[in-house]
Amino acid sequence: MATLAMKGSNPHSNSPPSAENPVATVTTFSHDCRGVARLDGKAVFIDGALPGETVRFRYLHRQKRYDTAEVVEIIKPSPDRVTPSCPHYGTCGGCGLQHMRPEVQLQSKQQILSEQLELLGKVKPESWLAPITGPAFGYRRRARLGVRQVASAGGVVIGFRQKNKSFLADLETCLVLEPMVSALLPALHVLIDGLSCPDRIPQIEVAGGTNASSLVIRHLVPLTYEDRERLAAFGEANGIRIYLQPGKPDSIAPLWPSVHKPLYYRIPGFEVDIRFEPADFIQINDAVNNAMVARVVELLEPTAKDAVLDLFCGLGNFTLPLARRAGRVLGVESEKALIERARANAQLNKIMNVEFVHADLYRESFNASWNHFAANKLLLDPPRSGAIEIIKSLVEPLPSRIVYVSCYPATLARDSEYLVQVLGYRLTAAGVMDMFPQTSHVESMALFIKS
């Protein structure tokens, strides 16, 4: 039978010689999109393997309850397997599902969400929302690229971390990055290598908007006049903005053009422009973000009679589109700089029925300063840690509708259990959003309606 060797496989193993490169049949997928097989009654999580495949694998870590491993050879491939397009696949850890057909990636993420809700949250949605999707490649407008000077590589290495390693993958292209930025990677190597301090440039931040894309060069020592001239010339020649960051994020300043021009992205369905600074958090996938915002507004059903509370509001990504439909909207965010920019975005878009409040959403949950707002509809868009403290602090009368936007199914499941079992909400609908195609990240959305 023909076999398929995996590109970029690691020749080193900490497994005992007698167990080196065993063969197993993969039965299921784990919550982080690894194939799961069982050997001698013990689960083995195999990176790079798909359900239904027979594979030869290499142990990475042996533990008491389960083992982790990586594929060495595909003996019997799944019909869902495809040949990855990226030349760095198998080495770069930036995205790990290019070996799976995009539509099957989406099905797997839907299954993961369903299992997490049922197993961890003991809840099932009454209906499933249609998945929100966008382009499978070239979608990433926000990224942090590591930079290292590596003598054995002959100069500067730029890229994401290698798969299962702490070293950087040296990228000459990146298929998930914005195509313009990806095309600049070879020239970026030459640029950084030619500076006076290439060993003191630890990272490059990529931030793209509707009007422009930018690179933020982090430098640990002062740049020379020649360095600055070289960087500015690179920006001008390639039509990309260059910022310098000598210290913390608040030290970021424009180099080219020298006059600060705000970046912005547009949410066309609501005629909203969101201005942002290069280090600000924005959703990584423009097409999915636009569809996500529209879905949130659709599910919350805001009218002129409604008061909507948006917790973890950031720059106003959801708040301002909601204000186009609702009577009043209050956005709350724990990062003060984002609140200031959210207020400026409201003025920019001439939206007057919105207010923004700075508050620590975890420390101030109980007796929260925003409880006076008396919202009848609520949007939650928390980080991976979820929103359980906030949900437990909700006061009567409870919002009639809650839309929960989640970047981590496990905490959505935990919080769903409390909303349904304790507060009496119905989990009316849930669905996935493919914000990060080619990766195992599962983004989702859920609608809760008060019975």
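Taking the fewest neighbouring Cβ atoms within 10 Å as the starting point, the ordered list for His189, His441 is His441, His189.
Ratio of region 201-337's C-alpha Rg to 2.2 N^0.38 Å, to two decimals?
1.26
Candidate values (1) 20.2; (2) 49.8; (3) 23.6 were compared with mean projected area of the Cα convex hull in nm² computed on the shown model; the agreeing label is (3). Under 5 Å from the amide H of Gly138 lie the amide H atoms of Val176, Leu177, each residue being 5 or more positions distant or on a separate chain, with H modelled from the backbone and absent for Pro and chain starts.
The string of couplings for region 443-448 from the Karplus curve (6.51, -1.76, 1.60, θ = phi - 60°) is 9, 8, 9, 9, 10, 10 Hz, one whole number per residue in order, with x for Gly and Pro. Binning the C-alpha pair distances of region 26-102 at 5 Å intervals from 0 yields a P(r) profile of 3, 16, 27, 28, 16, 7, 3, 0 %, listed from the shortest bin outward. The chymotrypsin sites (Phe, Trp or Tyr not before Pro) of region 331-415 that meet both conditions, a loop assignment by DSSP and at most 15 other Cβ atoms within 10 Å of the site Cβ, are Tyr362, Phe366.
Of the trypsin sites (Lys or Arg not before Pro) found in region 330-390, those in coil by DSSP whose Cβ has at most 10 other Cβ atoms within 10 Å are Lys350, Arg363, Arg384. Could you tell me which helices of the chain pass both thresholds, a Cα extent of 15 Å or more along their own axis and a mean Kyte-Doolittle hydropathy of at least 0.5, with helices taken as whole DSSP H runs? Span-like helices here: 286-300.
Partner aspartates and glutamates whose Cα lies under 12 Å from the Cα of Lys122, excluding those fewer than 8 positions away in the same chain, are identified as Asp415, Glu417. A straight Cα-to-Cα reach below 19 Å connects Lys165 with the aspartates and glutamates Asp32, Asp47, Asp67, Glu70, residues fewer than 8 places away in its own chain not being considered.
Mean projection of the alpha-carbon convex hull of region 314-451 over all orientations, in nm²?
8.7 nm²
The lysines within cross-link reach of Lys336, meaning a Cα-to-Cα straight distance under 17 Å and a gap of 8 or more places when in the same chain, are Lys248. Of Lys124/Lys450; Lys42/Lys76; Lys64/Lys163; Lys392/Lys450, which ones are farther than 20 Å apart at the Cα? Going by Cα-Cα distance, Lys42/Lys76; Lys64/Lys163 fall outside the 20 Å limit.
Each value in this text was obtained by applying a stated rule to the coordinates, not by laboratory testing. Predicted model, so just to flag it, every value in this text is computed and none were measured. Here the Cβ is made from the backbone with ideal geometry for all residues, glycine too, and neighbour counts use every protein chain on show.
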